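Just below is one structure, and these are the notes that go with it.
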Amino acid sequence: MKFLSLKFFVSAAMIFSCSLAMAEVAPALIKVGSFSEKNIDPNIMNINLQIWAKAATAAQAQEMANKHVKRVKELTEKFKVKKEDVQTEYYSVTPEYAYEHKTGISRIQGYSAMHSLTVTFKNLDQAGQFIDQAASGNKADKEKSGVTIGNIGWDSDKKGEAEEACINQAVKQARGRADDLAKAAGVKIKGVYSITNQQVYANYESAPMAGAARAQNKMMMSADMESSGTELSPGKIKIRADVNIEYLIQN
């Protein structure tokens, strides 16, 4: 009786092992990868303005910085920038210290205020003029407060369309490649087993910063000095989609 029970156990174990082995057989696949790229022209410029001021008291520093903020916001209205396209990124008022060697003590010698604004500028033809006028300031006040260009970035409201087109093209190319492989191997594709997509990304090609640097130095000149306008080169925005697809095949 014990012998029969042991024989039954062994038989059951063998059946289970065979079933498990069959379940672990890898499916027959064709694996292909593809990508698609598209370059588009930017139609949006993100301009970061650093508004700063230094004074003996915190209140004076804030007041001086606020004058520049007011002037910049008036400029945005002049250039028809929407209110929602002007955003405060950072604001601070901090003490400045001076170290006294005789006493070994650091004492407050004044305060500095910083207000960082990002302006989403959509009329690129006038962007250079806006930068010049924003960065210009009162010559007599140039060492106490001013506006500098923190950074310039490019964007486009057409990115979504370009990203979708890249994904569609990459998938289409992958299927064409899989069909060629299947034909050469004498098999047929039954369907898609898996598909992965690396995040579609946009590569914002950097614009030459010489113009921005020149605009940043406008605050060193008199406010009534005329400017021919900062020239900026936007380059292209590169959109790319990468896909990896596994297709099930049958002989």
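The values are calculated or read from the model by the stated rules, or taken from the named source; none is laboratory data. Since this is a predicted model, take the numbers as computed values, not measurements. Here the Cβ positions follow ideal geometry from the backbone for every residue, glycine too, while neighbour counts run over all protein chains shown. The accessibility values were calculated without ligands, DNA or RNA, using every heavy atom of the protein model including side chains. Shrake-Rupley method; radii C 1.70, N 1.55, O 1.52, S 1.80 Å.
Observations
- Surface listing: Glu231, Glu89 arranged by accessible area from highest to lowest gives Glu231, Glu89, probe 1.4 Å.
- Length gained when the stretch Asn123-Ala98 is fully extended (0.36 nm per residue, less Cα-Cα span): 4.5 nm
- Simple spin-label estimate for Asn244 and Ile195 in nanometres, 7 Å along Cα-Cβ: 1.6 nm
- Counting only aspartates and glutamates at least 8 places from Lys238 when in the same chain, those with an alpha carbon closer than 18 Å to its own are Glu37, Asp41, Asp155, Asp157, Glu161, Glu163, Glu164, Glu205.
- Residue by residue, region 49-66 carries 3J(HN,Hα) couplings of 10, 9, 9, 9, 7, 10, 7, 5, 10, 5, 4, 5, 5, 4, 4, 5, 5, 5 Hz when phi is fed to the Karplus relation 6.51 cos²θ - 1.76 cosθ + 1.60 (θ = phi - 60°); x denotes Gly or Pro.
- Amide hydrogen neighbours beyond the local backbone of Trp154, cut-off 5 Å, H modeled: Asn46
- Sequence of Arg71, Arg107 from largest to smallest accessible area, 1.4 Å probe: Arg107, Arg71
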